[in-house]
Each structure stands twice: as C-alpha cells, then as structure tokens.
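Worksheet: the structure to be examined is printed underneath.
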C-alpha cells in the first residue's frame with residue numbers, strides 16, 4: 001500500500017491540476033482506485049457463502065426461508081445502493097467545482113431522503129413477509145421463518 005500511495009497521489013495531482021495524462025497513467029490510476037471496490041465485492045460474496053452455509057446447518061426450513069428472501073434482499077440493496085450512488089456523484093461534482101456549501105446541502109438532502117427511502121423499503125419488506133405467509137398458508141413450515149427473515153434486512 002505504501003508504494004502505491006505516492007504514485008496515486010501523483011496521478012491524482014495531475015487530475016487536480018488539469019494536466020494531460022498518458023493512457024498508461026490513466027490505466028494505473030483506474031487500477032489503484034478500483035482495488036478497494038473489487039475487494040469489497042469479493043468479501044461480500046464470501047460473506048454470502050458463509051451466511052448460506054451457517055443457515056444451512058440450521059436445517060432445510062431455515063435454508064428455504066433464506067432462499068425465499070435472498071432475491072428480495074438483493075433487489076432492495078440494489079435500490080438503496082443506486083440511491084446512494086446518485087447522491088455521491090452529485091456531491092463529488094460539487095466538491096470538484098469547489099462548491100462545498102452546495103455539497104453540504106446535497107448531503108443533508110440525501111440524509112433526509114435516505115431515511116424516507118429506508119422507511120418505505122422497511123414497510124414494503126415487512127408487508128411482503130406478512131402477505132407471503134398468508135399466501136403460502138400454514139401448511140408450509142418455512143413460512144413463519146420466511147416472515148421472520150424477510151423483516152431482518154429491514155431492521
């Protein structure tokens with residue numbers, strides 16, 4: 001990390017000063033800046049495998065319940081991540097323009113809207129668990145666990 005830090009700072013200073021960068025410099029900077037995101041994605045996938053194996057040890061009903069809600073969890077996570085990404089681009093543009101006051105306003109707006117989105121997603125998540133347990137009926141033992149697990153990502 002220490003070796004790449006000086007190089008990264010130099011490459012970022014080229015951007016800040018508006019100087020031309022060679023293709024090699026652009027590719028190196030892209031690689032330096034993308035490694036944390038790549039590592040985060042790999043660790044997220046590893047954690048999903050670990051979670052699935054831990055739940056699998058609890059039995060078939062627990063594994064089935066997690067299987068029912070995994071796609072919904074991914075969908076809601078994608079919506080929340082997209083909202084965060086949209087605001088982070090706006091804030092980055094304002095910071096890049098040197099308009100820190102407007103960047104703070106956008107950040108405050110994001111905080112409020114993020115809370116509203118969280119409340120909405122939580123309500124949808126909770127209601128979907130309630131509706132799904134009623135739709136499947138009491139014959140399937142995994143429905144009570146489904147209702148429990150479908151509310152976990154929302155809390």
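The values are calculated or read from the model by the stated rules, or taken from the named source; none is laboratory data. Treat the numbers as computed from the prediction; the structure is a model and nothing was measured. Every residue, glycine among them, receives a Cβ derived from its backbone with ideal geometry; neighbour counts consider all protein chains shown.
Before moving on, here are some points about what is shown:
- Qualifying residue in the stretch 74-82 (condition: more than 30 Å from residue 14 (Cα to Cα) and modelled with pLDDT under 70): no
- Checklist (1) touching a residue at least 24 places away in the same chain (Cβ under 8 Å); (2) over 17 Å from the mean Cα position of the chain (by Cα); (3) under 26 Å from residue 124 (Cβ atoms) applied to residue 8, failing item: (3)
- Answer residue from the stretch 15-32, given it is modelled with pLDDT under 85 and in a helix (DSSP H, G or I) and is surrounded by the fewest Cβ atoms within 10 Å (Cβ to Cβ) among those: 16
- The residues listed here are 38, 106, 42, 50; of these, the one that is surrounded by 13 or more Cβ atoms within 10 Å (Cβ to Cβ) and over 25 Å from residue 128 (Cα atoms) is 106.
- Selection status of residue 86, part of a helix (DSSP H, G or I) and within 30 Å of residue 116 (Cα to Cα): yes
- Residues of the stretch 1-14 that are modelled with pLDDT of 80 or more and surrounded by 13 or more Cβ atoms within 10 Å (Cβ to Cβ): 11, 12, 14.
- Set side by side, the residues 116, 58 differ, and just one is in a loop (DSSP other than H, G, I, E, B), exposed (fewer than 13 other Cβ atoms within 10 Å of the Cβ) and more than 15 Å from the chain's Cα centre (by Cα), which is 58.
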